[in-house]
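Some notes on the structure that comes next.
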Amino acid sequence: MHRATGAATRIIELVMVALLAGMALMVFVNVVLRYGFNSGIAISEEMARFFFIWLTFIGAVVTFHENGHLGVETMVRMFGRQGRVICMALTNILIIFCCAILFWGTWLQMPINASMHAPVSGMPMIAVFGVAFFTSVGIGLIALARLIRILTGRVTEAEIAAFVGDYDDIEALTGRGE
Amino acid sequence: RAEFADRTLRLSNGVNQDHPVGNGVEAMRACLNEKSGGKMKIADFWGGALGGDLQATQALRSGTQEMVVTSSSPLVGIIPALGVFDLPFLFANEQEADAILDGEFGKYISDMLPEFGVINLAYWENGFRNLTNSKRPVEKWEDLEGMRVRVMQNNIFLDTFANMGANAMPMSFGEVYSALETKTIDAQENPFVTIDTSKFYEVQEYLSVTRHAYTPFLVLFSKPIWDTLADDEKAALQECAIVGRDEQRRASRALSDKSLENVKQAGLKVNEVAPEEYQRMVEKAQSVYAKHAESIGKEVVERMQAALAELRKQ
Amino acid sequence: MTIIVFLVSLLGAMAIGAPIAFALMFCGVALMTYMGIFNTQIVAQNMIEGANSFILLAIPFFILAGELMNAGGLSKRIIDFAIAMVGHRRGGLGVVAVIAALIMASLSGSAAADTAALAAILIPMMRTAGYDVPRSAGLISAGGIIAPVIPPSVAFIVFGVAANVSITQLFLAGIVPGLMMGIGLLIAWQIVVRRDNVAVLPKQSWAERRRATTRAGWALLMPVIILGGIRFGIFTPTEAGVVAAVYALFIGLFVYRELKFSQLYGVLLRAAKTTAVVLFLVASALVSAWLITSANIPGEISGILKPLMGHPTLLLIAIMVVVFIVGTALDLTPTILIMTPVLMPIIRQAGIDPVYFGVLFIMNNCIGLITPPVGVVLNVVSGVARVPMGRVIIGVLPFLLAHSIVMFLLVFFPQLVTVPLAWLR
Ligand code: NA
Ligand code: NA
């Protein structure tokens, strides 16, 4: 199980790196073309935006797995262990709820996105909007697994510590983009 | 007795409220108020506050928003036939545009739209588009050679300018002012009113009256929500959109002249394109018609050309 | 009262520890249910549209540039340069910290990363020289938060997109206020360090200074490329981001040779993850923003603020106080995302220049990064300097006061922002 998630994470990370490098390359090449050759690749603007959307919504799952999303932990930190665990359970229920809404909405919107095409590349927009399926299922499953561990009493101290925020991990703090 | 429920219709616009669309919405609101005895209200949102025109149109299709007033151009990715209005040098003047849009061809296009989840209540006016730039007056198409022209994210506009030798760059509207100011791009093209209200005269030198395209506004209503309306409500909306149209076009044309005066006052050097050079531009642009007839739909383009030929004969 | 639904759902979700991105989504769902327009498609559509912007692409590029800069040894050379120039002065290392913070601010847009880099190098030196360590840590954190005020700035990009204000104008407008924050810190530092008995660094010879300048030259050129490039129209802010990243990559790999090809993957991955965190938040915020606008919450608030609408300065003071209070509990990006859709229509209605307001608003939010109880930059400096949080909070107080004075000077004298901006553009 752990090995499978580890391998999946590494593949997703590779995709994220490729997307970031790809969008940087497209935008940079367009700058060079404009000054070097007074031309440009019209499709770059659009594709770079789509790479960016994929990067954001694929990356949201990995960073959720790592507890990387910003939260305000002031109040939960005032609680004892039991209070913290209750908040953790409630939070995971709220996240599963949001993921269900996102999944459902993306599902309902599928026909209108499948019938809309990107203006320059002509790509059906479901290819872009559909990434929300990955995000909602990915995050939803992780939250569900956490909820089950909480309800069955298998939640670890490390998980609780991660939930209330680790303020000594400098890498994690600078990775918030603030 | 007429049937009206209490309704608030959310209507969004990419333009600001001081645009002639504001006059049209006001007239439409007054008309709806009268017809429904104050029951149908419009909640209007301006300057893209509820998202861009394309996003709003998608919201209409999914039934999460009632109305949008949008240019036809951004919607080509959903409704390819609307590309016909992006074809360069299509209409010669406002009278032609009115006759075609309010006539049989306009109805032909409107009848296509329910299939895409929207109802077109009326054609309002965005207007003839003209070119501004910071390099030189554009008097013939060759003057566009090498010019960095911002175009909408739309292949027909891209090809129209690329075909004339310009370096056409797709860019979202929000970026245009700073890109012109910093000279990342040399030129942009829009109706006079937009050139004036977006203060492009502050960052441009020349305005060439190229009238290279005419864009209508569509007053769209959400089909899923439309289907829940009573017949009286539908009729009121359709009639009031026409009332709004007449006021909007009147305001648009009055303001267009005023805007041209404003930008001249503000220092833009304005040049007209000589008739024979205009004709050369029209001929040069014909290859764009051929290239995009397929994607727009051959029948649509042929019908449009037939309608125009018919009109010009009279 | 839609405002109550908005506040209770958002604050409630955040209070139980939900990530802010999900709290914003939840708040959107609560609002649409209350308005009787519950439809899951509103969430799905706005989420994706929230990230669908070419301008926002500047964020990953500037984040990447910052990562490459630290990995490529640019930060270290900037600090060495500052030491060579001003290290021998009274309170020398503190002056070095502020000067280096200002230079780094003009290369990177991240307060936390800049603070971490500065603290890692300077705190050990300041400890050895006999400076009061919590106070030094306070100074460095107060210097680090200048990063988002001086361009490039992730905060300005997020605000510019949320408020529909020109990023170029915001960037140019931030320069002078950012420098004023630096001057304010220098003054405060000279006052508090007066009685300390510290070792002063030897004055370096001109030859040494020239060497340090040459070594840092490539790094010092970067702000010129970014700002000059944007100002003179060589590229848009988004393109400036990518050019900065390529430049930092080139310097790190081939000039300073501190960046190894093997490190590149890790650097890209870190930037990609930070991007995902920031942008997922931005995307979620569009869900609540759409519903805030739809429900006309700004109208409701401007009704409450009606007596102030005719007095822009009073209105600004009231807003600044509220933002400051919010900033104690929330960090930079979430505050921008939550408050911009609510405040901007009011600002425009009151006739306040959106660019000027943007500068004040971002500066205020940056100050929030060093106000307890929640201030990520305080956590960074406390972690790197190994000083307990409580002592860092006391150490930062004089500098917090200095920043607040600068901010209120700008509130009372808008010319301090608008005149230099008119000159720069
Ligand atoms: Na900066
Ligand atoms: Na704070």
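What are the equivalent ellipsoid semi-axes of region B:128-208, built from the alpha-carbon gyration tensor (square roots of five times its eigenvalues), in whole angstrom, biggest first?
17, 14, 12
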| query | Based on DSSP H runs of at least 4 residues, each adding -39500 (n - 2.57), what is the mean residue ellipticity at 222 nm of chain B after dividing by all its residues, to the nearest 500 deg cm²/dmol? | reply | -14000 deg cm²/dmol
| Rounded FRET efficiency, nearest 0.05, which uses the C-beta distance separating B:Lys183 from A:Leu25 and R0 of 25 Å | 0.50
| field | Cα coordinate range in region B:49-166, projected on the principal axes (Å, largest first) | value | 46, 31, 22
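Across every pair of different alpha-carbon atoms, what Kirkwood hydrodynamic radius in Å does region B:137-264 reach? List each step's numbers first, then the result.
On the way: mean 1/r = 0.0586 Å⁻¹.
Radius from the Kirkwood sum: 17.1 Å.
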| What percentages, rounded to whole numbers, describe P(r) for region B:8-60 computed over all alpha carbon pairs with 10 Å bin width beginning at zero? | 25, 49, 24, 1
| Among all the lysines, which ones have a C-alpha under 17 Å from B:Lys41's C-alpha, if same-chain residues fewer than 8 places away are not counted? | B:Lys234
| query | Spin-label point model (7 Å from Cα, Cβ direction): what's the B:Glu145 to C:Arg209 distance in nm? | reply | 5.4
| said: List the Cys residues of the protein assembly as shown that have no partner Cys with a C-beta closer than 4.7 Å. | reply: A:Cys87, A:Cys98, A:Cys99, C:Cys27, C:Cys366
| query | What residues qualify as long-range amide H neighbours of B:Met169, i.e. H under 5 Å apart, gap of 5 or more or another chain, H built at 1.01 Å from N? | reply | B:Val149, B:Arg150, B:Val151
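Give me the 1.4 Å probe accessible area per residue for chain B, excluding ligands and nucleic acids, in Å².
Working: 11850 Å² over 314 residues.
Roughly 38 Å² per residue, with all protein chains present.
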| request: Partner chain Cβ atoms within 10 Å, averaged over the residues of A:99-105 - can you pull that number for me? | output: 6
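In terms of solvent-accessible area of protein heavy atoms at a 1.4 angstrom probe, what is the ranking of B:Glu202, B:Glu277, highest value first?
Details: B:Glu202 105, B:Glu277 40 Å².
From most exposed to least exposed: B:Glu202, B:Glu277.
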| If you take the Cα Rg of chain A and divide it by 2.2 N^0.38 Å, with N the number of residues, what do you get? | 1.26
| aspartates and glutamates with Cα under 15 Å of C:Lys76, excluding same-chain neighbours fewer than 8 positions away | C:Glu67, C:Asp114, C:Glu258
| query | Could the peptides C:235-241, B:97-103 be put in order, highest first, of the mean number of other beta-carbon atoms found within 10 Å of their residues? | reply | C:235-241, B:97-103
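For region B:206-260, what does the alpha-carbon gyration tensor say about shape, rounded, prolate or oblate, given a ≥ b ≥ c as the root eigenvalues, a/c under 1.5 as rounded, and a/b over b/c as prolate? Could you put the intermediate results ahead of the total?
Details: a/c = 5.07, a/b = 2.39, b/c = 2.12.
Prolate.
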| message | For the interface of A with C, what's the total buried accessible surface in square angstrom, probe 1.4 angstrom, rounded to the nearest hundred? | response | 6200
| query | log₁₀ I(q)/I(0) of region A:1-103 at q = 0.12, 0.16 Å⁻¹, via Debye over equal Cα point scatterers, no solvent, to two decimals? | reply | -0.64, -0.88
| request: Would you mind estimating how fast region C:148-213 diffuses translationally, via Stokes-Einstein at 25 °C and 0.890 mPa s with the Kirkwood radius over Cα pairs, in µm²/s? | output: 162
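Quantify, in whole percent, the carbon and sulfur part of the accessible surface of region C:34-160 (1.4 Å probe; protein heavy atoms only).
Using a 1.4 Å probe with all protein chains present, region C:34-160 comes out at 59 percent carbon and sulfur.
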| Quick one: how many Å² of C:Lys260 are accessible to a 1.4 Å probe, rounded to 10? | 100
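Which percent of the accessible heavy-atom area of region A:63-178 goes to carbon and sulfur, probe 1.4 angstrom? Let's see the in-between values first.
Working: 3560 of 5120 Å².
Carbon and sulfur together cover 70 percent of it.
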| message | Using helices alone, I'd like the mean residue ellipticity at 222 nm for chain C: each DSSP H run of four-plus residues gives -39500 (n - 2.57), total over residue count, nearest 500. | response | -25500 deg cm²/dmol
| How much of the calculated P(r) for chain B lies past 27 Å, in percent of all Cα pairs? | 42
| Dipole axis of chain B (+1 Lys, Arg; -1 Asp, Glu on Cβ), positive-most option in B:Phe192, B:Ala56, B:Ser73 | B:Ala56
| query | Simple spin-label model, 7 Å along Cα-to-Cβ: C:Ala129 to B:Glu302 in nm? | reply | 8.4
| remark: The set of residues whose placed amide H lies less than 5 Å from the amide H of B:Ala49, leaving out same-chain residues fewer than 5 positions away, is B:Asn13
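Please compute the contact order of region B:151-295 in relative form: average sequence separation of alpha-carbon pairs under 8 Å and at least six residues apart, divided by the residue count, as a percent. Mind showing how you got there, number by number?
Values: 93 pairs, mean separation 49.9, N = 145.
Contact order relative to length: 34 percent.
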| Which of B:Gln279, B:Gln248, B:Gln188 moves most in a GNM of chain B, Cα contacts under 10 Å? | B:Gln279
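Quick one: Kirkwood hydrodynamic radius for region C:1-156, alpha-carbon pairs, angstrom, one decimal? Intermediate results must be reported in sequence, preceding the final value.
On the way: mean 1/r = 0.0543 Å⁻¹.
It is 18.4 Å.
Once the Cβ-Cβ distance between C:Phe413 and C:Ile301 is put in as r, and R0 is 25 Å, what FRET efficiency do you end up with, to the nearest 0.05? Walk me through the numbers on the way to the answer.
On the way: r = 26 Å, r/R0 = 1.06.
After rounding to 0.05, the efficiency reads 0.40.
Cα-based Rg of region B:27-107 per 2.2 N^0.38 Å, rounded to two decimals? Let's see the in-between values first.
Values: Rg = 15.6 Å, N = 81, 2.2 N^0.38 = 11.7 Å.
Relative to the rule-of-thumb radius for its length, region B:27-107 sits at 1.34.
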| query | Over the Cα atoms of region C:106-194, how large are the radius of gyration and the largest Cα-Cα distance (Dmax), in Å? | reply | 15.0, 48
| Relative pair counts by distance (%), Cα atoms of the protein assembly as shown, 20 Å bins | 14, 45, 32, 8, 0
| Choice from A:Thr156, A:Thr91, A:Thr56 with maximal GNM fluctuation in chain A (Cα, 10 Å cutoff) | A:Thr156
| remark: Most packed first (mean Cβ within 10 Å per residue), the peptides C:189-196, C:177-184 order as C:177-184, C:189-196
| request: Take every Cα pair under 8 Å in chain C that's 6+ residues apart, average their separations, divide by the length, and report that relative contact order as a whole percent. | output: 27
| Burial of 20 Å² or greater, region C:22-36 residues [accessible area, probe 1.4 Å, versus chain by itself] | C:Phe22, C:Met25, C:Phe26, C:Val29
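For region A:83-157, what does the alpha-carbon gyration tensor say about shape, rounded, prolate or oblate, given a ≥ b ≥ c as the root eigenvalues, a/c under 1.5 as rounded, and a/b over b/c as prolate?
prolate
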| request: Inverting the mean 1/r over all pairs of different Cα atoms, compute the Kirkwood radius of region C:282-323 and quote it in Å. | output: 11.6
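Determine the alpha carbon to alpha carbon distance for each of B:Lys39/B:Lys223; B:Lys135/B:Lys298; B:Lys223/B:Lys313; B:Lys107/B:Lys291; B:Lys258/B:Lys298; B:Lys223/B:Lys284 and list only those over 28 Å. Don't jump to the answer; show the numbers that get you there.
Numbers: B:Lys39/B:Lys223 20 Å; B:Lys135/B:Lys298 38 Å; B:Lys223/B:Lys313 37 Å; B:Lys107/B:Lys291 25 Å; B:Lys258/B:Lys298 39 Å; B:Lys223/B:Lys284 40 Å.
B:Lys135/B:Lys298; B:Lys223/B:Lys313; B:Lys258/B:Lys298; B:Lys223/B:Lys284, as the Cα separations exceed 28 Å there.
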| said: For peptide A:83-94, what's the mean number of Cβ atoms from other chains within 10 Å of each residue's Cβ? | reply: 3
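How big a patch of accessible area, both sides summed and in Å² to the nearest 100, lies buried between C and B at a 1.4 Å probe? Don't skip to the end; give the middle numbers.
Values: alone 17580 and 13350 Å², together 29230 Å².
For C against B, buried area totals roughly 1700 Å².
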| How big is Rg to Rh over region C:318-374, alpha-carbon atoms, Rh as the Kirkwood inverse-mean-distance radius? | 0.97
| Short version: which residues of region C:47-68 lose at least 10 Å² of accessible area, all chains versus chain alone, 1.4 Å probe? | C:Met47, C:Ile48, C:Glu49, C:Ala51, C:Asn52, C:Phe54, C:Ile55, C:Leu57, C:Pro60, C:Phe61, C:Leu64
| said: Report the Rg/Rh value for region C:145-269, based on alpha-carbon coordinates and the Kirkwood definition of Rh. | reply: 1.05
| Interface size A-B, as summed buried accessible area [1.4 Å probe, Å², nearest 100] | 1400
| Between rounded, prolate and oblate, where does region C:277-425 land on the alpha carbon gyration tensor, with a ≥ b ≥ c its root eigenvalues, rounded for a/c under 1.5, else prolate if a/b exceeds b/c? | oblate
| field | Listed peptides B:64-71, B:141-148, B:307-314 by packing density, highest first (mean Cβ within 10 Å) | value | B:64-71, B:141-148, B:307-314
| remark: Excluding ligands, DNA and RNA, the carbon-plus-sulfur percentage of the accessible area of region C:362-418 with a 1.4 Å probe reads 75
| Any idea how far apart C:Leu424 and B:Lys234 come out in nm if each label point goes 7 Å out from Cα toward Cβ? | 5.7
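Counting only Cα atoms, I'd like the Rg/Rh figure for chain C, Kirkwood definition for Rh. Walk me through the intermediate numbers first.
Numbers: Rg = 21.5 Å, Rh = 22.1 Å.
Reported Rg/Rh (Cα atoms, Kirkwood Rh): 0.98.
The values are calculated or read from the model by the stated rules, or taken from the named source; none is laboratory data. A quick note: this is a predicted structure, and the numbers were derived from the prediction, not measured. A quick note on method: Cβ atoms are made from the backbone with ideal geometry, for glycine too, and the neighbour counts reach across all protein chains shown. Accessible surface is based on the protein model in full, side chains and every heavy atom, while ligands, DNA and RNA are left aside. Shrake-Rupley method; radii C 1.70, N 1.55, O 1.52, S 1.80 Å.
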